[in-house]
1. How many residues does the range 5-64 hold that are touching a residue at least 24 places away in the same chain (Cβ under 8 Å), of a type in the set (V, I, T) and either buried (at least 16 other Cβ atoms within 10 Å of the Cβ) or within 25 Å of R113 (Cβ to Cβ) (or both)?
2. Run down A73, A54, A39 and say which single residue is touching an Asp or Glu at 6+ places or on another chain (Cβ under 8 Å) and closer than 13 Å to L5 by Cα.
3. Quick check on this structure: which one of L89, L75, L115 is buried (at least 18 other Cβ atoms within 10 Å of the Cβ) and free of Cβ contacts under 8 Å to residues at least 40 places away in the same chain?
4. Kindly indicate whether A55 is at pLDDT 90 or above and among the small types (G, A, S).
5. I'd like to verify a number: residues in the range 87-125 that are assigned to a helix (DSSP H, G or I) and either hydroxyl-bearing (S, T, Y) or in contact with a Lys or Arg (Cβ under 8 Å, 6 or more places away or on another chain) (or both), how many?
6. Would a scan of the range 31-49 turn up a residue that is more than 30 Å from V142 (Cβ to Cβ), β-branched (V, I, T) and modelled with pLDDT of 90 or more?
7. Out of (1) buried (at least 18 other Cβ atoms within 10 Å of the Cβ); (2) touching a Pro at 6+ places or on another chain (Cβ under 9 Å), the odd one out for E70 is which?
Amino acid sequence: MKVLLLKDVYKLGRAGDVKKVADGYGRNFLLPQGLAVLATSVTMKQAEGIRTKAAASRAILNQEMSGIAEILANLVLTFPAKAGETGKLYGSITPQMVADAIRVKTGFEADRRQLDLQPIRTLGEHIVRVRLTMDLIPELKVIVHREGEAAEASLEAVPEAEAPVEVEAAAEPAVEEAAEEEAATEPEAEAEPPAAEA
């Protein structure tokens, strides 16, 4: 089916674009959400007006969000986690946990659906893209380190000028045996409780 987009849709197009989409996607998501209308000769006459209005509102939104984008681009979140010898986590760092850590550190209410992120299941450094607008998609750094080890070793490569902001949050344990290891180490005062996945 051909639809005329009324609003910007990530990975599909901008408002005013005509796109061919699967019937189910159009009928079950785009049309009911008010993101698009069927592309008919009548609606096609409105396309240029929709495009102009959307470009103006997009420019205003980009200007408003540019400060947040700059903060997020310099943000480094660290998560201590229990992991096996191969570096695989006993659980995962979920998009909701990352969104909560962003809210705690910056005050910005990031929705987990704005994050281009699959649950993180390995130790190391990961890049997370945050979709603020169609044009502003800053990347922040997430460092997952073994619980009990310092994350500073991972951050030594970051120059002083970029002074990363750290947020400590707890990983979600998936194995009950991991709780015994946790009792041996003292809990960190800054640790956030694991967020329930919505």
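The values are calculated or read from the model by the stated rules, or taken from the named source; none is laboratory data. Because the structure is a prediction, the values reported are computed rather than measured. Quick reminder, even Gly has a Cβ in these numbers, built from the backbone with ideal geometry, and neighbours come from all protein chains shown.
1. Number satisfying all stated conditions: 4.
2. Just one listed residue meets the conditions, A54.
3. The unique qualifying residue is L115.
4. No, not satisfied.
5. 6
6. Yes, the conditions are met somewhere in the range 31-49.
7. With (1) buried (at least 18 other Cβ atoms within 10 Å of the Cβ); (2) touching a Pro at 6+ places or on another chain (Cβ under 9 Å) applied to E70, the lone miss is (1).
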